[in-house]
Each structure stands twice: as C-alpha cells, then as structure tokens.
1. Give the number of residues within the stretch 80-89 that are within 10 Å of I44 (Cβ to Cβ) and out of contact with any Phe, Trp or Tyr (no Cβ under 8 Å at 6 or more places or on another chain).
2. With respect to T72, is the statement that it is surrounded by 14 or more Cβ atoms within 10 Å (Cβ to Cβ), at pLDDT 95 or above, of a type in the set (S, T, Y) and out of contact with any strand residue (DSSP E or B) (no Cβ under 8 Å at 6 or more places or on another chain) true?
3. Applying the selection to the stretch 73-87, what residues are outside any loop (DSSP other than H, G, I, E, B) and not hydroxyl-bearing (S, T, Y)?
4. Test A96 against the criterion of being surrounded by 14 or more Cβ atoms within 10 Å (Cβ to Cβ) and in contact (Cβ under 8 Å) with a residue 24 or more places away in the chain, and give yes or no.
5. Would you point out the residue of the stretch 91-134, among those that are of a type in the set (D, E) and closer than 27 Å to P149 by Cβ, that is farthest from the chain's Cα centre (by Cα)?
6. Does the stretch 104-151 hold any residues that are part of a helix (DSSP H, G or I), in contact with a helix residue (DSSP H, G or I) (Cβ under 9 Å, 6 or more places away or on another chain) and hydrophobic (A, V, I, L, M, F, W, C), and which are they?
Amino acid sequence: AEESGGFYGPSDSFEGSAESLMVADATEGFVFHILPDDTGKSAIWVAQRVPDDHVTVVTNMFTIRDVNLTDTFNFLGTSYMFTVAERNHIWRPGMALDFTKVFSNGEYEHKYYSGRRMWGVFNTIAPSLQLLPDYDDLRLEPPYPWSIPPDQKLSVRDVFQIHRVYYQNTPYDLSKGIAAGPFGNPDRFSAGLGEKIVKLKHNNRGA
C-alpha cells in the first residue's frame, strides 16, 4: 500500500507536483518527499525518520540526503527512484543516492532562500554547534546536518518562538536596514504578479 498510495505526485502539470512534507504522530515523525517521475505516470517518493531527540527543518526544498532503504526503521520509499535516476544518468549503481542532490532543483529563486532559514532555526536551538550562515551550493554540498539535537529540551512555547525568528542579533536581522522601514518591521511580502504588471507597464510607458 505504501508503494501505491494515492498521492498526487505522478502529475507534473502544476507547480505543486513535487512536495516536501512533515508527517508525525505522538510517537514519531518523518520527513516525506514526493515528485513525478520522468514519464509523468508514476511518482518518486522517500521518507526519513527524525531521531527522537533531534530537530530537523524543511524550508521549501528537499532535504533528505543519502537514502538507505535497507534501514527500514529510518527510511521508507520506492526503489523505483534508483531506476529513474540511473535512466537519466544522474546516479550510478554502487553510489549512495543523495535524494536532494539527484532530484532537487535547488533553492527557489535565489541562494539562501532555504538554507538561511535552516541555519536560523539550527542556530536558535543549538548555538553551541556554531554553524556558519554562509555556504556554496545547498543542493550539491550540504553545509548543515540533516537533523540536530537541541542544546536543551524544547517546549511548545519554544516552537512558537522558532516560527518568530527573524535573525535577531545577527548581521541578517530583518528589523534593521532600509527594507524594514521607519518602524523596524521584519515582515517581507512579495507583491506577486501585480508587481510585475505594474513594472512592465511603467517600462513600456518610458519606451
């Protein structure tokens, strides 16, 4: 049933056809990735268990690295991923299959879109690790562990506070600088398609 679940992943007809999700109950949690295969008729998926005393972060990007389907306690997935990867010459038998490196398209829009948020969470819950905020290529060279133990046990309130992190007391503090406005607002909003239309009309007017 796991191999043939009714997921929407086989269709690549819309932007959300690939997805990273967290699935958890009272006793365990998994990170789950799914995407369409190269035929558009099936799906590639994998899930990795989060260690009981660890925290992991998923920030709009695949994060699972070396897949070990023989470790059935920590991994679930379709072995079909190896077939697809080999068929597309992005993986060779005998090598570890780094799911993110093989199947991810990297960070959305720009560098640091995902990785900086991963660092923000890890730096908040485990500053003792002294993880660096800068890196080269998040997809090709993972700069951070997949999961980490926090420096101290986290409460529900701590989790709420993590969602309010805007890089306070770091060089990337969103409440500082001209983009924060006169009141130090850390919120950033994308204007979406409307902004592009306005810019296009403005440019055409000046042409």
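The values are calculated or read from the model by the stated rules, or taken from the named source; none is laboratory data. Bear in mind that the values here come from a model prediction, so they are computed numbers and not experimental data. Cβ: placed from backbone, ideal geometry, glycine included. Neighbour counts: every protein chain shown.
1. 3
2. No.
3. F75, L76, G77, M81, F82, V84, A85, E86, R87
4. In short, no.
5. Across the stretch 91-134, the extreme among qualifying residues is D134.
6. Answer for the stretch 104-151, where residues must be part of a helix (DSSP H, G or I), in contact with a helix residue (DSSP H, G or I) (Cβ under 9 Å, 6 or more places away or on another chain) and hydrophobic (A, V, I, L, M, F, W, C): V121, F122, I125, L129.
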